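Here, each number is a calculation from the coordinates, and none is a lab measurement. Keep in mind it's a predicted model, so treat the numbers as computed, not measured. Don't worry about glycine lacking a Cβ; one is built from the backbone with ideal geometry, like all the others, and counts go over all protein chains shown.
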Amino acid sequence: MVSNDSFSNDSVNNDSVVDILLVEDNPNDAELAIRALKKNNLANHLEWVRDGAAALDFLFHRGARANSHNRLPRVVLLDLRLPKLDGIEVLTAIRANPETRELPVVVLTSSQEEQDLVATYQLGVNSFVTKPVGFDAFARTVAELGLYWVLVNRVPPDSRRDQ
Amino acid sequence: MRSRRAVSACLPSWFLAVRAAPFAPRRQRAGGRGSSDVGVPIVKSVIAMDIKAKLKLIGLLPLIMAVLFGLTFYRGQDRLDVLRDSTLLAAEMLDELRQLEVLSRHIVETRANGGRRAGYQLLEDLDSQMLALQSAAREPNLVGMLDEMAGRLLLTRIHFMNLDGLSVPALGQLEPPPSWEVAERLRRSIAVLQPMARRLFRDSDAAALAYGRQLWMVEFWLLAATALLVMLLTYPTLRRVATAIQSLSRETRHVGEGGHPRDLVLSGEDEFAQLARDFNHMAHRLADAEQARERRARDLEEAVKDLENFSYSVSHDLRAPLRAIDGFIGILEEDYAASLDDEGRRLFGVVSANAKKMEQLIDDILALSRAGRLELDRIDFDMGRLVEEVWEDLSAQRAGRAVRFLCPRLPNVACDPRAIRQVWQNLLANAIKFTRGQDPAMIEVRAERRPGMVCYRLSDNGAGFDPAYSNKLFGLFLRLHGIDEFEGTGVGLAIVKRFIDKHQGRVEATGATGAGATFSFCLPTGPPKGSEEEFHGEQRLV
């Protein structure tokens, strides 16, 4: 059983290697996703933030994360409906910054709206995945995403900033 | 002469009635204190008249003046005739007096009897002429002179009778005056009469001349006054009409251009002022209506936006709790499987199945909402290939079943491929679903061209439906089969109908329980026309 606290921001070592940045405001969804990743041993280097502003703080080392020295994650799993800054705004900021322009971003959302698909692809999203409602399908989808983006996919060498 | 007077005598009753108005300004011009008190209100009331009344007055004035002109001319001519008659009579009298003088000399000289009768005839003529003159005379001078002349004429007659010597029988007993003396008296009395008659002739002639001149003068002034009055009335009226029309047309143009109407300002109380007021009223109402329309359009836009936000929320927010329900049930099943008995697992299965059903409902409702909002993009594409693609996509749903699918070459029609793909998908999925009990299942697609449209037909040998409820087939959430018999939410055919409606096409279904079903939809070729309107109306009845 995984508790929410074990993945809260405070419990993660600021200088650890982060492979997956999970941006998800719904703790249930986050728990299900983390559980699915954990089953595949992918949750060891996972950072979970609950809103768009925290995601940008993490990526750009500012605000509460001003003193951290994380490398960029291998993938950002980004929900679209988020408090403070929504997914579209986070994606816009990521693509606008030269350091994070090539960062793989996967939109993982409940939305099936065509407008979201079009908007995120126009902003250069790497993948758009709709969260299945069924437990099995959801667990499988998240696990496959993690496996692919963390283990299979390769990124340009200088896109992961070494500190 | 008498008949003419009779005519003129019967005129004054209305003549007096009409003279009040046109003479009013003249009376005012006369300038007395009393007359201006009467005139000013009349002028004021004329100014206050509306345009129609003024135009009527302008039209009526020349008419009144013409009547007045005719009347004065008629009466003047009458008087002129009298004067000319008098001149003529005077001339005749002069002539007769000369004849009488000649005759009396002749009688004295010749003592002839023949001249006496002529003498009396001349005297009779003179008398009758005198009578005529007296009856025509008006001026006291003339009357006095005529009286005197009448007296002289009587004297002349007496002298002539004396000369004749017949009228006085007692004359024989007296010493008769010698005939030359009588003749001399006669001659003298004629000599007195002659200059009088001459003067009468001259006076009459002069009077006729003078009266004629005066008459023309009166007529001239009458005409001049009419012209002046018409001008006085016409000029301001025409100016008012011209300026009012100009400003009305200018202002109405402004109203047409801008959204905010500017008030027309036309002073006065006439039709144009009323028109301006009415126009302002109308412009305000128009502006209000326009504002209301804009408000409604804004409301509608907001409503559409709300609806979009709503469906977005539905798609996003309603799914999350479902995922949580199913997900945590899944965790329970995985992590606590040992402590669950069969009934516990069955109950969790029910929860899980309902969560999935709920998701399907949400998906279908959203699909329907998207179908309503989709803006059609009519293009030509290969319909047969689209159907093949959809059929291939549905392979998972017919896995492990023997299904015979017949699809000949299909005619194309310009329509929205996204919408029509969804239509085929729903219809074919239905056909696969409802032929579940058949071995082999038969699904056949056919098409035919009809005037103005192309009709596609999809038949199966599946469960069919009771034709009594065929009107409920395309209704939202309406199902003709039990949920345990065939799964579904009752949205698929509603989406089909909505898409076909959007194409101004028509869709219908025939079938019988256990004998399969045939769904057909027709799409119009070319832009919508009258015939397709008809179909539109028809399908509303479905």
- prompt: Taking the mean number of other Cβ atoms within 10 Å as a proxy for protection, how do you rank B:434-440, A:85-91 from highest to lowest?
  reply: A:85-91, B:434-440
query: Over the protein assembly as shown, what is the percentage of antiparallel beta bridges among all DSSP beta bridges, to the nearest 5?
result: 55
statement: In nanometres, the difference between 0.36 nm per residue of separation and the alpha-carbon distance of residue B:252 and residue B:402 is 46.4 nm
field: Computed over chain A: relative contact order in percent, which uses C-alpha pairs under 8 Å that are six or more apart
entry: 25
task: Can you bin the protein assembly as shown into rounded, prolate or oblate? Criterion: square roots of the alpha carbon gyration tensor eigenvalues sorted a ≥ b ≥ c, rounded for a/c under 1.5, prolate for a/b above b/c, oblate for the rest.
output: prolate
task: Within a 10 angstrom radius of each residue's Cβ in B:311-320, how many Cβ atoms of other chains show up on average? Whole number is fine.
output: 5
- request: Take peptides B:49-57, B:192-200, A:138-146 and line them up by average Cβ neighbours within 10 Å, highest first, as a rough protection proxy.
  value: A:138-146, B:192-200, B:49-57
- prompt: Counting partner chain Cβ atoms within 10 Å of every residue's Cβ in A:105-112, what's the average?
  reply: 3
field: Neighbour net charge for residue B:123 - beta-carbon separation under 10 angstrom, K R +1, D E -1
entry: -3
statement: Ranked output for segments B:230-239, B:129-138, B:459-468 by mean other Cβ atoms within 10 Å, highest leading, reads B:459-468, B:129-138, B:230-239
- prompt: What's the local net charge at residue B:278, with K and R +1, D and E -1, over the other residues with C-beta under 15 Å away?
  reply: -4
field: Sequence-distant lysines (8 or more away, or on other chains) whose Cα lies within less than 23 Å of residue B:52
entry: B:44
Average Cα contact separation per residue, segment B:374-541, under 8 Å, 6 or more apart, as relative contact order %: 22
- prompt: Rounded if a/c is under 1.5, else prolate if a/b is larger than b/c, else oblate: which is segment A:52-163, with a ≥ b ≥ c the root eigenvalues of its Cα gyration tensor?
  reply: prolate
- prompt: Using the alpha-carbon centroid of each, what span in Å lies between segment B:501-515 and segment B:199-213?
  reply: 113
- line: Expected vector for segment B:497-507, Karplus 3J(HN,Hα) from phi with 6.51, -1.76, 1.60 and θ = phi - 60°, integer Hz, x for Gly and Pro, equals 4, 5, 5, 5, 4, 5, 8, 6, x, 9, 9
